[in-house]
Structure formats: C-alpha cells, structure tokens
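Everything on this sheet refers to the single structure shown next.
The values are calculated or read from the model by the stated rules, or taken from the named source; none is laboratory data. Note that this is a predicted model, so its numbers are computed, not measured. All Cβ positions, even for glycine, are placed from backbone atoms using ideal geometry, and neighbour counts span all protein chains on display. Side chains included, ligands, DNA and RNA excluded: accessible areas come from the protein's heavy atoms. Shrake-Rupley method; radii C 1.70, N 1.55, O 1.52, S 1.80 Å.
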Amino acid sequence: MTVLNREAFKRTVVVPALKVKKETVNSVLKSLKQSVLQRPGLKRVVEDPEDEDSRLVILDPHKIAEFSLGESEQQVLKQLSVHPEVSKYNLELTYENFRSEEILRAVLPEGQEVTSGFSRVGHIAHLNLRDHQLPYRHLIGQVIIDKNPGITCAVNKTNIIDSTYRNFEMEVLAGESNLVTKVKENNIAYELDFSKVYWNPRLSTEHGRIVGLLKPGDVLFDVFAGIGPFAIPAAKRKCRVFANDLNPESYKWLLHNCRLNKVDTKVKVFNMDGRDFLQGPVREELSKELPLLREEQKTAFHIVMNLPALAVEFLDVFRHLLVGEPCSAAAVPTVHCYGFSKHEDPAKDIQERAEASLGTSLDGRCSTYLVRNVAPNKEMLCISFQIPMDVLYKRPCPDEVEISSAALDQFVMEPGPCCWTPVPISKDRGRRAQTLLVVLIPKGIYKTGPIS
C-alpha cells in the first residue's frame, strides 16, 4: 500500500469484558488499570445492552489469558463486591484506534524498518527517511499528521545540510505547504521559515546550558547565530550581544525575532562571513573594551561558534587577533566551539583539531562536552576554553612600531633608549596621511619614512 486507505483498518475483534455496577466503575478502573484496554480514541467503558444499571469494562486480551482473570485481580474484585466472571464482547475498531507504529507496520513490506519518529518544528513534522522507505513517504507523512494533534505538515529532508547557509532541500510529504512556523524554546518564542533557515529542536538543552553560563553585563559574540537561540535568551539575561549569520534569511529572521522578543535594542545584528565578523566587529569591540577593564570588574566575554561542520577551522582567526595586553587575564574571551567527530575518542579528536587551528596546546586549559549523538558513530561536541594570551595577543616589536602620520604628530621621543613620551607639537596641516615606520635608534633620534 503506497496510498493510505483508512477503510482497510476497520475490523471487529472479540475482547474480554467485565460487567460491573455503574457506581463501582471508577473503583474497578483504578484497581485494574494495568488490565484495562488502552487504545487511541477507544472508550474503556461501554453500556451493557442487557442491563441499564450496569456497564462493561473492556479488558486487554493480551493481558487476560483465555478470558480468565488471575488470582490477584479476582481478589481485588472480591473486595469491591464485583463478580469476577469475564464475558466476550465484539469490539469495532477503526483507523482512529490504531497507533502510528501499528499502521505503518501493517502497510509497509514485512521485514522493513518502521519509522514513526520525527522532529517537531511548530506545526511541521520533520522526517529523515531511509531509501527503502521513500516509495511509501507520502503514506508515512499522512499517518504522522493523522496521529499527532497539531501537526499539519510533514516534510522529508532530500539532501545533506548546506554548510554555507545551514539549510537543506526538503519535500512536503503530506498536509499543507506552509513552512513558516512558530516554535517555543526555553520559554522564548521564535518564528522562522523552516525551508530557508536552520532550526534543530534537539539543541534546546545545549542552548540553555550555554546561556546559563552568562551573567548580566557579560558580552556574547554569536558567530553563527541562526535565528537567535543563543543571542536572544542572552539578551534577556541583560547581556550585551553581537549576533551574526551569513545566511540572509537567518539574518532577516534574527532581526524579526529580536523585535518579537523586545530585545532589538540589546542585540547588534550582522550579516557577514564568520571570519569577517571575528576580524571586524569582534576585534574592534575587544580592542576597545579589554584595555578598559579593571581587575575587580566581573564582565566576561563569550564567543559561541555553533557551526559543527566547520567551526573548528575558524579558530585560526584568533591567532594575534589583538595587539598589546589586556589589563586582566581573567577577561580574555571564552570560546565555545562546536564540532562533529567520528573518532573513537571524540573529546581527544576535537581538542587536537582545535589545537592545530590555534597553534598551541590546550592541555589543562579546555573542557569538552558531549552535546548529542547525531548518527551511528558520529557525535556532536562543544569544546570550551579561554583563548591563550600568547595566541590572542601580538606584542609590538620593541624596536619597530607601525603608526599613522596623524598619530605621530602626538609623540616625540625624549633622549634615552626605547623611551616614548607624549609631547604636544605643532601639526603640519599639509602633511599627507600615510603609514610610517618609526625606527628607534640610540640617542633618542627617530627616523620616519613611508613603508614600501
């Protein structure tokens, strides 16, 4: 069967029934709850056609062997003054009384794996069917819709996730074709077009874990922000947030969800390549903020990189991203970087790959967290670490400093080896702005000249 025929599930079955007085029905149901028949849309108690003062309690034939109650059930009924005799009852079953697994097992070829699981995204059921199930995909989609209230659309992924925009092609199997939906995660509402952006309800716990590390006043840089599952709850916690995504659709829905949750004034949103975001807005903000922090200040900086297919490869951006040294080593940003691993030791694998990108060891300076099992022998992990100071900062060479001619106007060098002192001097308004190389030489003389 490749087209669902609901009429084919109509049948009459003989089941055990127990006759009880109306006033004792609730007590019997409570006492025999393990033996009462439980089926979708099915009444457990029906009228007795021969006695209007009595009711028939329908029992599960798989639990009542040979239509005879066991000793323990008989003792319970004796205490309730109910005769333990079981009668036979003709029960009419329809499509509505069968579970989705039973329906799929009945219609799919014998021996085939039955799939009834899916990810729910608002009103959409997202399936990931195997090749042998594809001829029955429309039937499977319709069964999922029928058996899950609130689901009005079933889709199947038709290719792997695009690592550029993190979305994938999908086919509507059954129901409506509207893929703009609403979801709620950790008490925050989001809206999205599921066909154009990435959303995974299985990451809810991980989103909450990272956001739980943040304190009011902290700064979050979300490099691959999607529609905002890290950025928006962080802003709700009174953090300052810089959120970026390369996908124009994700950028659009990120802006929309910031407005929806009334945090649009607390989140700066960017539509850039992740590398450009780190080398631009992130570098600029860190260069401005870190030197101003005093030892007693508690502001923490977090950088989230949730692009598991590629994020580890971006870690080399942190090599000499900044110049100088911060006032407090504790203020150096903490990175939370996600990755996939098929290695027999996933934690070791992701640490070694991160170390290769950073060019330094992270032994004793990082932690790894298993996020979820993605597929057989494939794990998703998060590695967290403070960026090592010698990686993040490039210290100026003591005898060569690259400055602009405008900055040079503010400084002259007083006599003494390697000693700079700011001294106001007259400005040459006609000097052409250019990049100069200042070379320190003995006796406090400086030479300047354009860098070729």
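Worth a mention:
- Other residues within the sphere of radius under 13 Å centred on the Cβ of His132, judged by their own Cβ, net out at -1 (K and R +1, D and E -1).
- Summed residue charge, Cβ within 10 Å of Val183's Cβ, Lys/Arg positive, Asp/Glu negative: +1
- Between Leu59 and Ala17, Leu18, Leu37, the built amide H atoms are under 5 Å apart, and every one of these is 5 or more places off in sequence or on another chain.
- Within the straight-line cut-off of under 24 Å between alpha carbons, the lysines reachable from Lys252 are Lys157, Lys182, Lys184, Lys196, Lys236, Lys238, Lys262, Lys266, Lys268, sequence neighbours fewer than 8 places apart in one chain being disregarded.
- Close amide H contacts of Val121 (hydrogens built in the peptide plane, cut-off under 5 Å, sequence separation of 5 or more or a different chain): His126.
- Legend: residues Tyr136, Tyr251, sorted from most to least accessible area (1.4 Å probe; ligands, DNA and RNA excluded), read Tyr251, Tyr136.
- Whole-number percent relative contact order across the stretch 166-226, with pairs defined as alpha carbons under 8 Å at least 6 apart: 29
- For Glu102, solvent-accessible area (1.4 Å; no DNA, RNA or ligand), Å²: 50
- Per-residue 3J(HN,Hα) values for the stretch 234-240, derived from phi via the Karplus relation 6.51 cos²θ - 1.76 cosθ + 1.60 with θ = phi - 60°, read 5, 5, 5, 8, 6, 8, 8 Hz in sequence order (x marks Gly and Pro).
- Cβ-placed point charges (K, R +1; D, E -1), dipole of the stretch 164-279 about Cα centre in debye, nearest 20: 720
- Pairs of Lys in the stretch 1-56 closer than 21 Å at Cα, counting only those 8 or more apart or on different chains: 12
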